[in-house]
Each structure stands twice: as structure tokens, then as C-alpha cells.
Amino acid sequence: MLTRSSAWSALVGFVSLIGASGQSPQQASNSLIRGAVVIDGSGAAGRRADVRIGGDRIVEIGQLQPNTGEHIVDANGLALAPGFIDTHSHHDRGLDTARDAVAMVSQGVTTIVVGQDGGGSDLAAMFSRLGNRPASVNVASYAGHGAIRSRVMGKDFARHATAAEIDRMKAMLKIEMDAGALGLSTGLEYDPGIYASHEEVLALAKVAGDAGGRYISHIRSEDRWFWDAIDEVITIGRVNAMPVQVSHIKLGMHDLWGQAEKLVAVLDRARASGVQLTADVYPYSYWQSNLGVLYPKRNYSDETETAFVLAHVSLASDIIFNRFPSHPEYVGKTLAQVADMRHASPDRTLIGILAEPGGESVGIVAKGMADADVERLMQWPFSNVCSDGQSFGLHPRGFGSFAKVVGPWVRDRRLFPVEEAVRKMSSLAAANVGIASRGRIAPGYFADLVLFDAAAIADRADFGSAQAQAVGVRTVWVNGQIVFENGRTTGVFSGRPLRR
Ligand SMILES: [Zn+2]
């Protein structure tokens, strides 16, 4: 039975949020999701409740009665969580043509954070494009150190920048921060970031920190000089007194396997000393990149280096070609198999491929981690889930990361409770990148929501079928509107650009 007071409080809430969001009443809609198990993103235990959406916001949670004219969704005991936030995403690639972002919304992801690994520039233009022609998901972005460095140094990037060049980079970064960047991203294993001195990175990160932003980093080495690279990101957080996040944290070399406990101790010590250090992780032991990253000194013809790579970084049987324009017949094959086809040793084969035009850009997935380490790093209370994926990529992480964690890892393997998985995908993710008013089911928060079947949710993507859609997600709301239901996107593009 609808009481006068509950109708009134809903109405008051509704009217006040129309004022806050600037939406007209005609655009806004009211919905009541009834009988869900609400997992609110805080980590608290799920509880049976109803959730009212007014316009683009969550209005009320509790035992609620429908209002006249309200759209009713019967959850029938399915889990209702805050929409997931992908803090390290490359799903902006192709988003202008495939605006429904099915790779993301089919897993319950409602916000992607792009501009990663040092990419991400001209954010004012990107946000304005997204405002005029939105996608199904919200998009936030970092400003990329590599992109800025390229604009200043051009092709002459394989050296330290001069003080004058760093000053120009600072000015460009300030413009990106003013446009709404969350902070500065670096890709210090990639050109041109790999040639930046620590001082350059520290000075630029400070510009982001002074503007209230943060630092996120694909660190300088995920293998050979791993501990130094972790030190560098911690130092940036300490010296600049700013939040720092390690992107897709890894122990990416055989020599480092089994050291997750040691790494967690290093991270915890840094936090205990006051550094605002966090990380994101994707749930795969294989990474995806290009052949060039195997050689940080870019000495592709060096036999000693090649022998080292194949003995320590990734085995020839664990490197799979997934993009090879000049030899399409190699796609899907391992380096060991290609070596057999070429009647050469894996070492000679690798050197030979790298000597061909475009060799360093050949796409690979490679096993870099021990599965137990990935899981241990995912369990760290300050690491959130990310995908590092893309919609048209060849690595299953683009379509599977979130469903894989909340399904197989949580339900079947019990790595942590489902409430902790949801926290790692929502409120913690929002906090780790600085997104406000999203990532919780609480009154006043934006109505980014995912209704899923905890018994059925699972990833379907694999290395042979990287774009297979996840299963088990029933309905996804972005800013109060349904963008995905029963296995399909709805053609509603209610995502927004999220400026800091
Ligand atoms: Zn990266």
C-alpha cells in the first residue's frame, strides 16, 4: 500500500535531483527494482531490498511500494550491484562506431577509464564528442605522458627531455587537467615514455597532483627491473604526496613467480608509511602487447638478450602470435610452432621476425605470470579489477574480465566473497581513480546498476574466441536508463563523459 509519506519523500527526492542534474522531468523516468539481493558496493553483506531510480539517480532503498506510473522491474532474487568500473580500459577504440560497448555492458561494466599507458590526449575534444554523441557507458580519462611527450619531442624522443621541453609538457598537461583528466598516466615500458628520466615523470605527476589529480602507471618494468619500477611509483606518491596506482600489476617474469606475498608486503609497507598506493589487476596470466616490449633496450638482434627473454620472460611455447600482417598463417601459433615451421631454433626465429619490417609491432599474447600470483594480487584489499581490454581485441580480457572474477573465481573457486568482488569492481575502483558519486548503491548516487544471476554469471571469451559475450547479466542501467537486457544491448546511449 502506497502511503502518503513515502510517496511524498520519493517525490521530494525526485524533484530535488532533477534540480541537481539539470534534467527536465520529461527526460527523467522512475523505476522500481523489486526483490533484489542488493550488494551495495561497500563490501557489506547482500540483503533483500527494493531500489528506486528517479531520473539518473538512486533515490531510495528498502522495502518499497510502487508509485503510480512507475516502471517495475521484478528482480526475483537476482543480485543487484553498482555498475562496474573498468579502471584500465582500451575500450574507447572503436567506441564511436560501436557505441553500445557490448563487450563492457554484457559484463555489467558501466564506466570505462581510458587514456591509459601514456596515451590519452586532447581530452576537451574527446569529452565534447562524447557529450554530443554518447555511448552506452560513461567514459573518464587520464592524460597521457607519452602522448604529451610525443607532441613536444616528435621523432627525437629516444633521450632525456631538456628542462625547456619538460616545461612545455607541464603546460600541456595543465590544459588536459583543466579539461577534466583524472590525472597523469604513463607507459614507461613503451616508446616514448621509456626514455623519460625519473625527474621528468616526477615533475609532470606533480602537475596532476597539484590540480587535485592522481598518477597511474604502466610501470617501467614488469619483469627485469620490477622492484626498481615499484620503487619509482611509490617514490612519486611519497614525494608528491599524491595518490598513485600501479596499472595491471604483475610479477611478469619466471624469476619473479611465487613472490606475490613479498610484493604485497612491499605495497603494505608503503601504505603504512603514508603513501596513497593502490593497483588494478586483470584476471589472466597472459598479457597482450607487441614483440618490441620483450626488449627494453630495443636490441632486437642481440643473441644474449634473446636467449634471456626466452628463458626468463616468456617461453617460446607461451608466446602466441595474434596479429601478424605479413604472415597471417602464424596467427594463433606459438613462437615454438612457428620455429618448427621455419626449421629454425626459437631464438633464431625471434631475431628473424624482429629483423623484418614492422617486426617489433607484431602482436602477441604471452604467459607472463603464475596463476597463483595473479590471484594473490587480486586478493590484496587495495587492488581493484580492471580489464586492460578492448572491444575488438584478441585477448579475452576485453569481454571476460569482470564476469570471470565474479563468476568462476568467486562462485566456483571462492577467492573472496561476492561482496568483496563487487567492492573491487565498484566503490574501490571509483576511489582508486577518483570518480565521485558512482560505485555505490546509495541514495544520491548515479543509477549505474547491474542485475545479474550470481549462479550463472561467467565469461565465455577465450584465446580462440576472444569476443565471445559473457553470460549471466540480466539488466544494466547507465544513468538510470537500461542499456542492456537479456543478452542484448538496447540502443540506448545514456553514458556520459566524466570530467574530474
Ligand atoms: Zn599497460
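The values are calculated or read from the model by the stated rules, or taken from the named source; none is laboratory data. Predicted model only: the values in this text are computed from it and were never measured. Note: ideal-geometry Cβ built from the backbone for every residue, glycine included; neighbour counts use all protein chains shown. In case anyone asks, the SASA skips ligands and DNA or RNA and just uses the protein heavy atoms, side chains included. Shrake-Rupley method; radii C 1.70, N 1.55, O 1.52, S 1.80 Å.
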### Query
Carbon and sulfur together cover what percent of the accessible area of region 242-373 at a 1.4 Å probe radius?
55
## Note on the structure
Sparse-neighbourhood loop hits (trypsin sites (Lys or Arg not before Pro), region 327-399; DSSP loop; Cβ within 10 Å at most 12 others) -> none
### Query
To the nearest 500 deg cm²/dmol, what mean residue ellipticity at 222 nm is calculated for the chain from DSSP H runs of n ≥ 4 alone, each contributing -39,500 (n - 2.57), summed and divided by the residues?
-9000 deg cm²/dmol
### Summary
Bridge orientation stat for the chain from DSSP, antiparallel percent rounded to 5, came to 55
### Message
Treating only the Cβ of Lys, Arg, Asp and Glu as charged (+1, +1, -1, -1), what charge dipole size does region 398-500 show about its Cα centre? Round to the nearest 20 debye.
### Response
320
### Task
Treat every Asp and Glu Cβ in region 163-228 as -1 and every Lys and Arg Cβ as +1, leave all other atoms uncharged, and give the resulting dipole magnitude about the Cα centre to the nearest 20 debye.
200
### Message
Counting heavy atoms of the protein chains only and a 1.4 Å probe, report the per residue accessible area for the chain as a whole number of Å².
### Response
38
### Message
Heavy atoms only, 1.4 Å probe, whole protein assembly: order Y284, Y195 by accessible area, highest first.
### Response
Y195, Y284
### Task
May I ask you to give the percent of accessible area on region 460-500 that is carbon plus sulfur, with a probe radius of 1.4 Å?
42
### Task
Compute the long axis of helix 346-355 from its Cα atoms, compare it with the longest principal axis of the Cα atoms of the chain, and write down the angle in degrees, 0 to 90, nearest 10.
80
### Query
Local charge sum around F416 (other residues, Cβ-Cβ under 15 Å, Lys/Arg +1, Asp/Glu -1)?
+3
### Query
For helix 198-210, what angle does its Cα long axis make with the longest principal axis of the chain, in degrees from 0 to 90 and rounded to 10?
10
### Query
P(r) tail for region 444-493, what percent of Cα pairs lie past 13 Å?
61
### Task
Go through I58, S465, G77 and say which Cα lies farthest out towards the positive end of the charge dipole of the chain; charges sit on Cβ, +1 for Lys and Arg, -1 for Asp and Glu.
I58
### Summary
Among G393, Y330, A36, the residue whose Cα sits farthest towards the positive end of the charge dipole of the chain, when +1 is placed on the Cβ of each Lys and Arg and -1 on the Cβ of each Asp and Glu, is A36
### Message
Counting only other residues whose beta carbon sits under 14 Å from that of P66, what net charge do I get with K and R as +1, D and E as -1?
### Response
-2
### Task
Please give the net charge around I249, taking every other residue with its beta carbon less than 10 angstrom from that of I249, where Lys and Arg add +1 and Asp and Glu add -1.
-2
### Query
Can you pull the accessible area of I234 for me, 1.4 Å probe, Å² to the nearest 10?
10
### Query
For the chain, treating each Cα as an identical point scatterer without solvent, what Debye log10 I(q)/I(0) comes out at q = 0.09, 0.11 1/Å?
-0.62, -0.91
### Query
Tell me, what is the 1.4 Å probe accessible area of R411, in Å² to the nearest 10?
60
### Task
With a 1.4 Å probe and every protein chain left in place, tell me how much accessible area I72 has, in Å² to the nearest 10.
60
### Query
To the nearest 20 debye, what is the magnitude of the charge dipole of the chain about its Cα centre, counting +1 on the Cβ of each Lys and Arg and -1 on the Cβ of each Asp and Glu?
1220
### D228-D96 pseudo-label distance in nm [points 7 Å out on the Cα-to-Cβ vector]
4.0
### Query
When the Karplus curve 6.51 cos²θ - 1.76 cosθ + 1.60 is applied with θ = phi - 60°, which whole-Hz ³J(HN,Hα) does each residue of region 300-305 get, with x for Gly and Pro?
5, 9, 7, 6, 5, 4
### Accessible-area ranking of E222, E356, largest first, probe 1.4 Å
E356, E222
### Task
Please list M172, M341 in order of solvent-accessible area, largest first, computed with a 1.4 Å probe with all protein chains present.
M341, M172
### Pairs of Cα atoms farther than 20 Å apart, region 319-418, %
51
### Task
Give the percent of DSSP beta bridges with both residues in region 42-156 that are antiparallel, rounded to the nearest 5.
40
### Query
Classify region 399-500: rounded, prolate or oblate, from the alpha-carbon gyration tensor (a ≥ b ≥ c, eigenvalue square roots; a/c under 1.5 rounded; otherwise prolate if a/b is larger than b/c)?
oblate
### Query
How far is helix 123-132 tilted off the main Cα axis of the chain, in degrees rounded to 10, range 0 to 90?
40
